[in-house]
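Beneath this line is the structure, given in structure tokens, with notes to follow.
Please treat every number below as a calculation from the coordinates, not as lab data. This one's a predicted model, so the numbers in the text were calculated from it and none came from an experiment. Because the Cβ atoms are built from the backbone with ideal geometry, glycine has one as well, and the counts that use them run over all protein chains shown.
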Amino acid sequence: MPSLTITSESGRIDKVLADHFADYTRSQIHQWLGDQRITVNGKYVRASYKVVQGDVIDINPPAPTVLDAVPQDIPVDIVYEDDDVIVVNKPQGMVVHPAPGHPDGTLVNGLLYHTHLAAINDVIRPGIVHRIDRDTSGLLMVAKSQLAMTSLSAQLHAKSNRREYLAIVHGNIPEDKGTVDAPLARDPRDRKKIAVQQGGRHAVTHFAVEERFGNYTLVRCILETGRTHQIRVHMAYIGHPVAGDPLYGPKKTLPGHGQFLHAAVLGFKHPRTGDEMNFSIDVPPIFAQTLADLRAGIDKTRRVR
């Protein structure tokens, strides 16, 4: 049962708790207050209650909904597979693993129909070492054995993996290359977003310009760290949001089905043999056609949301 003693915070209890506990949304907390799952100094309060210094708040959240990743006959684009590792090309629009709002139809559901995955005491995310966003396409490594799970996770932690993304971003980047070193944390004003914030988690993105199209630039982004929405937030932070990004980009953008962001290159050391494994994959058709249009001087920018 999470507990919080108020020291310097002030304001409505639902806002204070949402700011303090990143895993809980304000709407969840509002609901729990109505369901009498939250007490202040042992007493139930309304969402409008204003906290004061010394208040002791106890939260008794409901048991989480049990999700189970079950095998489903979903096509999966397999780039490489052996007894330990599977590398897939995830299409834009596919969620990586089940979650509230996406209980099935995910990459994990499709992989379980095809093969076995490493168990990690998590029936929802078996074998998943790292993720890419639903509307980001490209390469993803998945562990089939416990050896692979341990090794690939350690490589990610040590930043020894190779992960390169291609992105079409707004504006003309004058520098040929650069680095964004800016800490990331949950945006306190919008819990769906990540933002650059002092005290956030260390995050570094290197980028190099591949092509310039006047109003847009094709960049290659190399991850040193792998935080949630890292490339999307970092590029927006320097004034060049990813085209088509519904969270961090402008409404007037290139038409498509989400951000033009593609995990093009993936490299890691094989967990059993120690061999260097490197993979690359072409951008999906809509990305390729958009690049062709930009190269031809055809700018189809419009309001897409």
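Only helices enter the 222 nm calculation for the chain: every DSSP H run of n ≥ 4 contributes -39,500 (n - 2.57), and dividing by all residues gives -5500 deg cm²/dmol, rounded to 500. Each peptide in 141-154, 186-199 gets a packing score, the mean of other Cβ atoms within 10 Å over its residues, and the list from highest to lowest is 141-154, 186-199. Under the criterion of Cα pairs below 8 Å and six or more residues apart, the relative contact order for the chain equals 14 percent.
Taking packing as the residue-averaged number of other Cβ atoms within 10 angstrom, the listed peptides 266-273, 69-76, 227-234 run from highest to lowest as 227-234, 266-273, 69-76. Taking a ≥ b ≥ c as the square roots of the eigenvalues of the Cα gyration tensor, region 64-158 is classed as rounded, since a/c falls below 1.5.
When the charge dipole of the chain is built from unit charges on Cβ atoms (+1 for Lys and Arg, -1 for Asp and Glu) and taken about the Cα centre, the candidate among Ala69, Ala143, Thr228 whose Cα reaches farthest toward its positive end is Thr228. About the centre of its Cα atoms, region 107-215 shows a dipole size close to 420 debye [charges on the beta carbon of Lys, Arg (+1) and Asp, Glu (-1) only; nearest 20 debye].
Does region 206-255 come out rounded, prolate or oblate, given a ≥ b ≥ c as the square roots of the eigenvalues of its C-alpha gyration tensor, rounded meaning a/c under 1.5 and, failing that, prolate meaning a/b above b/c? Taking the square roots of the gyration eigenvalues as a ≥ b ≥ c, region 206-255 is oblate. Rounded if a/c is under 1.5, else prolate if a/b beats b/c, else oblate: with a ≥ b ≥ c from the C-alpha gyration tensor eigenvalues square-rooted, which is the chain? Oblate, because a/c is 1.5 or more while a/b does not exceed b/c. Bridging of Lys50 to aspartates and glutamates at a Cα separation below 16 Å is possible for Glu9, Asp14, Asp19, Asp58, once same-chain residues fewer than 8 apart are set aside. In this structure, the amide hydrogen of Lys269, modeled 1.01 Å from its nitrogen in the peptide plane, lies closer than 5 angstrom to those of Met277, counting only residues at least 5 positions away or on a different chain.
A simple spin-label model places pseudo-atoms 7 Å from Cα toward Cβ; at Gln72 and Gln36 they are separated by 3.9 nm. For Thr253, the residues whose amide H sits under 5 Å from its own are Arg302, Arg303, Val304, ignoring neighbours fewer than 5 places away on the same chain, with H placed 1.01 Å from N.
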